[in-house]
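Every number in this text was worked out from the coordinates using simple rules, so none of it is lab data. Quick caveat: nothing in here was measured; it's all calculated off a predicted structure. All Cβ positions, even for glycine, are placed from backbone atoms using ideal geometry, and neighbour counts span all protein chains on display.
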Amino acid sequence: MWPLIPFRWINRRRHCFTVSKVVCVQQLHSSSTEFANIHYDGLYPGHIPTTTVQKALLSIGSGVAALQNPYRHDMVAVLGETTGHLALIKLRDRMRNDPEGYAVLTERPRIRLSTLDLTKMASLPDGSFGREYLRFLEDNDVTPDSRADVKFVDNEELAYVMQRYREVHDLLHTLLGMPTNMLGEVAVKWFEATQTGLPMCALGAVLGPLRLNASRLQSLFTSLGPWALQNGRCARCVLSIFYERRWEQSLEDLRRELNIEPPPVIPKAKKKKT
């Protein structure tokens with residue numbers, strides 16, 4: 001007869017196993033980053049070649065870490081890169097078949113502080129896309145430079161598509177009128193999951209609501225959620241827009257062009273730190 005094992009001991013063992021797995025993935029990610037800094041295999045700067053097994057381990061470990069802390073953007077980034085191959089191909093093809101999207105793929109613009117003329121954007125009139133994007137950055141205390149570079153996508157063009165997705169994420173917040181609190185992030189993820197088909201977005205859309213309280217869940221399921229899904233299905237491919245040429249366009253006109261309806265409600269933004 002097997003000896004009885006205390007339930008608490010089993011839970012501790014499970015927790016240790018989960019933590020160990022996450023730590024191993026974080027160590028692999030860190031060591032791989034160091035390796036990428038001194039090694040360039042010719043595919044694109046910073047690329048880290050990985051096998052199918054290594055990608056599977058990275059996706060599992062990063063997924064666990066992201067579930068434990070959705071604000072671990074490094075783990076969310078790894079999860080997106082190791083699970084999004086098929087979705088990235090479809091997004092790339094949609095961009096190729098759109099004249100403006102093709103121009104984005106050809107010219108490879110980047111959205112970084114070094115490429116933005118903040119002074120000019122600040123001088124634009126209220127209601128213009130560039131001014132409202134800058135206001136979003138200021139109100140939510142975020143920067144486009146926080147988006148990590150792609151490392152684990154084994155195709156140079158698809159790597160750029162993933163990078164472009166990351167760098168337009170804050171622009172989507174501006175287009176959708178969503179702040180960076182949990183309800184706003186979940187609404188954007190519902191839109192992105194429908195638009196992009198990326199498994200990472202779908203996972204965030206499914207699990208994100210678990211972190212909302214009852215009143216915000218009601219707002220999500222009765223108004224923001226259906227609105228986000230509908231707009232995600234009907235809107236033009238958001239990666240096919242050369243946003244850098246649209247700063248002076250009014251936000252309202254750009255929404256109409258992309259077939260994005262204004263939000264039914266706007267969640268309260270996070271309070272600024274003083």
As a Kirkwood estimate from alpha-carbon pairs, the stretch 201-261 has a hydrodynamic radius in angstrom of 13.5
Under 5 Å from the placed amide H of S250, counting only residues 5+ away or on other chains, we find F129
Counting only DSSP loop positions in the stretch 216-250, the trypsin sites (Lys or Arg not before Pro) whose Cβ has at most 13 other Cβ atoms within 10 Å are none
Filtering chymotrypsin sites (Phe, Trp or Tyr not before Pro) in the stretch 227-260 by DSSP loop and by at most 16 other Cβ atoms within 10 Å leaves F242
Answer in debye to the nearest 20: the dipole magnitude of the stretch 96-192 about its Cα centre, from +1 Lys/Arg and -1 Asp/Glu charges placed on Cβ, is 80
For the stretch 52-258, the dipole about the Cα centre with charges only on Cβ (Lys and Arg +1, Asp and Glu -1), to the nearest 20 debye, works out at 500
The alpha-carbon pair-distance distribution computed for the stretch 52-258, with 10 angstrom bins and whole-percent values, is 8, 34, 39, 17, 2, 0
In the neighbourhood of D126 defined by beta carbon distances under 12 Å, the net charge of the other residues (Lys, Arg +1; Asp, Glu -1) is 0
